[in-house]
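Okay, structure first, notes after.
The values are calculated or read from the model by the stated rules, or taken from the named source; none is laboratory data. Keep in mind that what you see is a predicted model, and the values were worked out from it rather than measured. As a convention, Cβ positions derive from the backbone with ideal geometry for all residues, glycine included, and neighbour counts pool all protein chains shown. Heads up: the accessible areas ignore ligands, DNA and RNA and are worked out on the full protein's heavy atoms, side chains in. Shrake-Rupley method; radii C 1.70, N 1.55, O 1.52, S 1.80 Å.
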Amino acid sequence: MSRRILVTSALPYANGHIHLGHLVEYLQTDMWVRFQKLRGNECVYICADDTHGTAIMIRARKENCDESDVIARMRKSHLSDFNRFQIAFDEYGSTNSDENREICHDIWKFARAANLIAEKEVEQLFDPIAGTFLADRFVKGTCPFCKAEDQYGDSCEKCGKTYTPKDLVNPHSTLSGATPELRTEKHLFFQLEKLHGFLNEWTQAGTHLQPSVAEYLKNFFLNEPLRDWDISRPAPYFGFEIPDFPGHYWYVWYDAPIGYVGTTLAWCKRTRQSFESWWKNSDTEIHHFIGKDITYFHTLFWPAMLHTAQYTLPSRVHIHGFLTVDGEKMSKSRGTFVQASTYLDHLDPAYLRYYYASKLGNNTNDLDLNLDEFVAKVNSDLVGKVVNLASRTARFVQTCGLSSTYPEDGGLFAEAAKDSEQIANTMEDGDFNRAMRLVMTAADRANLYIDQQAPWTLVKDPANAKKVQDICTVGLNLFRQIVIYLAPVLPELATKVGELLGEPIHAWEQAQTPLIGTPVNTFEHLMVRVKKEQVEAMIEAGKEENVVPQTSGTSTDEAAKTTANTVSEALTAEPFVEERINIDQFGAVDLRVAEVLRVEEIPEARKLLKLTLGFGGDVQKTVFAGIKAAYTPERLTGRLVLCVVNLEPRKMKFGTSEGMVLCAGTGGSDLFVLSPDSGAKPGQRIH
């Protein structure tokens with residue numbers, strides 16, 4: 001029976017271009033949607049530009065244009081990148097649409113009727129020149145604790161302490177340079193605690209959240225009431241004005257997720273669909289794909305809004321980790337902060353689609369783009385295993401076509417057909433990593449068959465014509481099966497293979513029946529090997545587009561010297577330990593892979609976060625880590641870390657620490673938690 005499924009990705013903000021980090025989510029979602037459609041389900045992919053907020057307003061001022069001009073330019077750029085990466089939305093809208101305004105009003109009406117909105121006065125810094133209230137990122141000044149200058153309004157990068165913008169010494173606005181004024185303004189708050197019971201049950205029961213996410217959210221229900229959510233902003237602000245609170249606007253995080261619903265409404269109007277059958281129907285599945293940094297909004301605020309307004313609740317919130325490049329955060333200076341358009345100038349989008357699929361699991365672990373592995377995996381799997389099957393067989397049957405009956409193949413086609421449900425189940429669960437491994441195992445079997453039969457040798461003798469035809473019929477059918485399974489990941493390849501063999505790939509069930517007696521069209525190269533030089537050129541281009549113009553007259557030589565000095569400062573601050581140890585001493589340290597199950601804030605601790613680490617099964621340890629200035633709980637939850645597990649337990653004021661998480665850096669905000677490469681499992685020992 002066909003399922004009715006509505007799928008969304010988090011909305012990209014209309015103040016920046018799409019980069020490789022964003023694409024983890026959009027490619028993952030697109031592959032899942034294409035899989036559902038291939039399975040015969042009614043599946044609609046909804047997305048939109050997130051267009052409101054202070055940043056858009058400020059950018060429009062700087063560019064001396066209207067906010068709608070900024071939105072229109074970025075929409076064009078976003079859609080161009082998405083189209084070139086073969087990401088196929090059924091509707092791509094905008095949060096600044098009439099439909100979104102309509103749904104915002106509707107949900108607000110229910111929230112007011114449920115008495116969930118409270119009014120409070122809030123003290124906030126105001127820029128008298130720019131004429132706007134200032135968010136934390138728009139205020140800088142001197143840290144009130146360590147007196148470090150040029151620090152942002154929420155925390156100090158030097159000492160790691162947190163504070164509010166009004167605590168800064170000599171604060172100034174980054175918009176105008178003016179000294180901000182402290183003003184009091186009325187704000188509206190959504191009283192989330194009133195839905196405590198519903199949210200506790202929704203987050204802790206059912207299968208709509210990953211287990212690690214449900215465990216993380218459990219912390220919010222244990223000790224303190226759920227915090228009220230500041231849902232309004234005073235003028236000037238770019239957004240929708242609140243109908244019963246003139247001069248104030250809905251905060252961007254109110255109308256952004258509503259953009260899923262508003263864009264669905266626009267799609268329903270365009271396609272003459274019933275809106276109620278999608279967002280007010282328990283038979284419809286709602287699936288959200290998001291990054292773990294916005295877990296809180298999508299698993300507490302968003303279900304609260306939907307529940308209050310009697311809309312369909314999400315069936316599943318699929319939460320993924322961040323992208324790292326060669327094991328490190330994306331970096332503009334290293335050229336690894338790569339925009340989608342820069343990648344496309346140098347490389348085939350199919351390469352990245354497959355690489356991401358081969359790394360994506362059904363968890364919140366970070367995904368690492370290892371550039372050497374990227375080259376090797378694409379060349380080995382896509383070119384060496386998959387496309388190679390066609391290139392070694394198709395030419396030999398272009399005149400005679402496929403055999404009229406399917407030849408004996410030792411059970412290879414039947415075995416790959418049997419794999420169908422296992423591959424489908426892993427894709428359904430979002431475990432594309434496992435699905436790709438299963439597909440490549442089938443490709444290995446097919447290649448072994450072709451290697452053993454060697455049609456390129458047999459074809460030299462005309463007497464072997466029928467045998468060559470049968471071998472190539474088997475090879476091309478095994479190839480086609482593999483491409484059907486890969487169609488959600490590699491849609492362009494699936495289209496080309498459909499043209500080569502004269503039957504479009506349109507259904508998962510096609511992998512159950514071989515093609516026989518049909519012509520084979522002229523073979524053309526389906527994919528070429530990626531060269532390391534192409535990847536290096538992309539990285540160089542990334543460096544160039546992220547270069548900050550030098551305004552102080554610093555020469556290139558001086559800049560290089562500064563970089564060298566920065567590198568040496570690390571060793572100067574912490575020189576190599578001169579005392580040597582032997583291998584037995586090192587072996588006494590028990591280093592293990594662990595999964596961060598949950599992270600708890602310790603309000604009275606300046607540096608510490610409380611981590612609950614899982615080592616597989618029911619084995620857990622509590623570790624207190626001094627990384628509060630560098631990491632939020634959202635960034636750590638669900639990721640894999642390295643832990644020393646045989647340290648003497650240390651009793652602390654807040655509890656007992658049973659290990660140590662490994663980090664690099666000098667301390668404060670300059671800390672980087674170490675993670676194993678993808679594929680590592682909790683509990684594995686580091687050798």
Convex hull volume per residue in cubic angstrom - Cα atoms of region 1-110: 118 Å³
Reachable lysines from Lys377, criterion Cα separation under 30 angstrom, eight or more residues apart if same chain: Lys37, Lys292, Lys329, Lys332, Lys359, Lys385, Lys418, Lys496, Lys531, Lys532, Lys543, Lys681
Sum of side-chain charges, Thr513 neighbourhood, beta-carbon under 12 Å (Lys, Arg +1; Asp, Glu -1): -1
Residue-averaged 222 nm ellipticity for the chain, from DSSP H runs of 4+ at -39500 (n - 2.57), nearest 500: -11000 deg cm²/dmol
In Hz, Karplus ³J(HN,Hα) per residue of region 450-458 (6.51, -1.76, 1.60; θ = phi - 60°; x = Gly, Pro): 5, 4, 5, 7, 6, x, 5, 8, 5
25 °C / 0.890 mPa s Stokes-Einstein diffusion coefficient of the chain, Kirkwood radius on C-alpha pairs, µm²/s: 87 µm²/s
Stretch gain in nm, segment Tyr163-Glu503, where the contour uses 0.36 nm per residue and the Cα spacing is subtracted: 116.0 nm
Cβ-defined net charge surrounding Tyr249, 10 Å radius [Lys, Arg +1; Asp, Glu -1]: -1
Potential extension, Asp136-Ser341 segment - 0.36 nm per residue separation minus Cα distance: 70.7 nm
With DNA, RNA and ligands ignored, accessible area of Ile129 (1.4 Å probe; Å², nearest 10): 120 Å²
Nearest-10 value in Å² for the accessible area of Phe297, using the 1.4 Å probe: 50 Å²
Net lengthening on full extension, Met1/Ser380 (0.36 nm per residue, minus Cα-Cα): 132.6 nm
Accessible surface, the chain, averaged per residue in Å² (probe 1.4 Å): 46 Å²
log10 of Debye I(q)/I(0), alpha-carbon scatterers only, for region 309-375 at 0.11, 0.13, 0.27 Å⁻¹: -0.36, -0.47, -1.37
Karplus-derived 3J(HN,Hα), 6.51/-1.76/1.60, for each residue of region 397-403, Hz, glycine and proline x: 10, 5, 8, 9, x, 7, 4
Whole-percent carbon and sulfur share, accessible surface of region 413-463, 1.4 Å: 52 percent
The chain, relative contact order in percent, only Cα pairs under 8 angstrom and at least six apart counted: 14 percent
At R0 = 30 Å, FRET efficiency that the Cβ-Cβ distance of Ala465 and His525 yields, to 0.05: 0.75
Compactness of region 438-503, expressed as Rg and Dmax over alpha-carbon positions, Å: 13.4, 41
From phi via Karplus (6.51, -1.76, 1.60), per-residue ³J(HN,Hα) for region 266-271 in Hz, x at Gly/Pro: 5, 5, 4, 5, 5, 9
Rg/Rh for region 246-351, where both radii come from Cα atoms and Rh is the Kirkwood radius: 1.08
Cys with no candidate disulfide partner in the chain (beta-carbon separation under 4.7 Å rule): Cys43, Cys47, Cys65, Cys104, Cys268, Cys400, Cys472, Cys643, Cys663
Label-point separation, Glu102 to Gln534 (7 Å along Cα→Cβ), nm: 4.5 nm
Overall Cα dimensions of region 587-633 - principal axes, largest extent first, Å: 33, 25, 15
Sulfur and carbon atoms: percent of accessible area, region 205-357 [1.4 Å]: 49 percent
Residue-count net charge about Tyr216 - beta-carbon cut-off 10 Å; Lys, Arg +1, Asp, Glu -1: 0
Rough spin-label spacing in nm, given labels placed 7 Å along Cα→Cβ, for Phe110 and Val122: 2.4 nm
For the chain, share of DSSP beta bridges that run antiparallel, in % to the nearest 5: 70 percent
Carbon plus sulfur fraction of accessible area for region 1-56, probe 1.4 Å, in percent: 49 percent
Separation of the Thr457 and Met652 label points, Cα + 7 Å toward Cβ, nm: 6.6 nm
